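The values are calculated or read from the model by the stated rules, or taken from the named source; none is laboratory data. Every value quoted in this text rests on a predicted model; they were computed, and no experiment measured them. Here the Cβ positions follow ideal geometry from the backbone for every residue, glycine too, while neighbour counts run over all protein chains shown. Ligands, DNA and RNA are stripped out before the accessible areas are found, and what is left, the full protein with its side chains, is counted by its heavy atoms. Shrake-Rupley method; radii C 1.70, N 1.55, O 1.52, S 1.80 Å.
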Amino acid sequence: SLTAANPPRVIALMDESPIVVRLPNRTLGAWLVKASGEHDQVFEILSTDNGRTWTTPRSIHVFSEKPGTFGGPEPLVDQNGEIHLFLVRVSKYTMGNRGEAERPSFDDYKGNRIDIWHMKSNPARTVWTKPKEIWTGYTGALNSVLQMRSGRILLPFSYFVKRNWRDRGKGFAE
């Protein structure tokens, strides 16, 4: 006999961008940034039953900046069981919401910044490092994160360059 499924439960909103990973103890974990009061906070939610139920979000870090400044995070469970969270921080953004048909020019991007930050836990996730800026510029997206067998962590991300489809340029930075 079939049993009825439980109705869906909202664990996070789309703009909170949760990404679920499996921890070494088989627990599912997700981290998200929410505006809470006058500051953004990073929250952790966990499931020990393969996503059927989730814990109440637990704050692991409160940023001193105003709400809406931080986004992401992109999580990685490393070879030692530590969690790395890669976040983006909007330090200056003046372009508003534009559609694909209203693609900004290179001059529109000048001075705008969405930087990349990093924080990590100990293996038990009881202590977290203070977030640290690891890249400064204008990133459009964190595309993934992975760890090589050597232990090296790779974080592919998009960033703005002056070239376009007609003028492809050479190399990465031209």
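So, of the residues in the stretch 46-92 that are open to solvent by less than 30 Å² (accessible area, probe 1.4 Å) and farther than 24 Å from residue 147 by Cβ, which turns out to be farthest from the chain's Cα centre (by Cα)?
63
Of everything in the stretch 1-34, what is part of a loop (DSSP other than H, G, I, E, B) and either over 17 Å from residue 49 (Cα atoms) or among the acidic types (Asp, Glu) (or both)? Give them in sequence order. Steps first, please.
Initial filter on the stretch 1-34 (part of a loop (DSSP other than H, G, I, E, B)): 1-13, 17-18, 23-27.
1, 2, 3, 4, 12, 13, 17, 18, listed by residue number.
Could you list, in sequence order, the residues of the stretch 35-55 that are among the hydroxyl-bearing types (Ser, Thr, Tyr) and not in a strand (DSSP E or B)? Break it down into steps so the answer makes sense when it comes.
Step one: list which residues in the stretch 35-55 are among the hydroxyl-bearing types (Ser, Thr, Tyr), which gives 36, 47-48, 53, 55.
Of everything in the stretch 35-55, those that are among the hydroxyl-bearing types (Ser, Thr, Tyr) and not in a strand (DSSP E or B) turn out to be 48, 53, 55.
Of everything in the stretch 135-150 that's of a type outside the set (Gly, Ala, Ser) and farther than 30 Å from residue 26 by Cβ, which residue is modelled with the lowest pLDDT? Walk me through how you get there before you give the answer.
Looking only at the stretch 135-150, we keep the residues that are of a type outside the set (Gly, Ala, Ser), and these are 135-136, 138-139, 142-143, 145-149.
Checking which are farther than 30 Å from residue 26 by Cβ leaves us with 135-136, 138-139.
Numbers: 135: 92, 136: 87, 138: 81, 139: 84.
Taking the candidates together, the pick is 138.
Of all the residues that make up the stretch 119-135, how many are out of contact with any Ser or Thr (no Cβ under 6 Å at 6 or more places or on another chain), closer than 14 Å to residue 89 by Cα and open to solvent by less than 40 Å² (accessible area, probe 1.4 Å)?
Number satisfying all stated conditions: 1.
For the stretch 77-109, give me each residue that is modelled with pLDDT of 85 or more and either touching a His at 6+ places or on another chain (Cβ under 9 Å) or more than 16 Å from residue 130 (Cβ to Cβ) (or both). Outline the logic, then answer.
The first filter runs over the stretch 77-109 and keeps only residues modelled with pLDDT of 85 or more, leaving 77-89.
Those that are modelled with pLDDT of 85 or more and either touching a His at 6+ places or on another chain (Cβ under 9 Å) or more than 16 Å from residue 130 (Cβ to Cβ) (or both): 77, 78, 79, 80, 81, 84, 85, 86, 87, 88.
The rows are residues; the columns are (1) of a type in the set (Phe, Trp, Tyr); (2) at negative phi; (3) at pLDDT below 95.
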{"site": "7", "(1), (2), (3)": "no, yes, yes"}
{"site": "24", "(1), (2), (3)": "no, yes, yes"}
{"site": "39", "(1), (2), (3)": "no, yes, yes"}
{"site": "54", "(1), (2), (3)": "yes, yes, yes"}
{"site": "64", "(1), (2), (3)": "no, yes, yes"}
{"site": "75", "(1), (2), (3)": "no, yes, no"}
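How many residues, within the stretch 1-45, are exposed (fewer than 10 other Cβ atoms within 10 Å of the Cβ) and farther than 22 Å from residue 126 by Cα?
Looking only at that region, the number is 12.
Under 6 Å between Cβ atoms, at least 6 apart or on separate chains: pull out the pairs that start in the stretch 111-131 with a residue that is closer than 11 Å to residue 72 by Cβ and modelled with pLDDT under 90 and end on any residue that is open to solvent by 10 Å² or more (accessible area, probe 1.4 Å) and not hydrophobic (A, V, I, L, M, F, W, C).
From residues that are closer than 11 Å to residue 72 by Cβ and modelled with pLDDT under 90, the pairs are 114/138.
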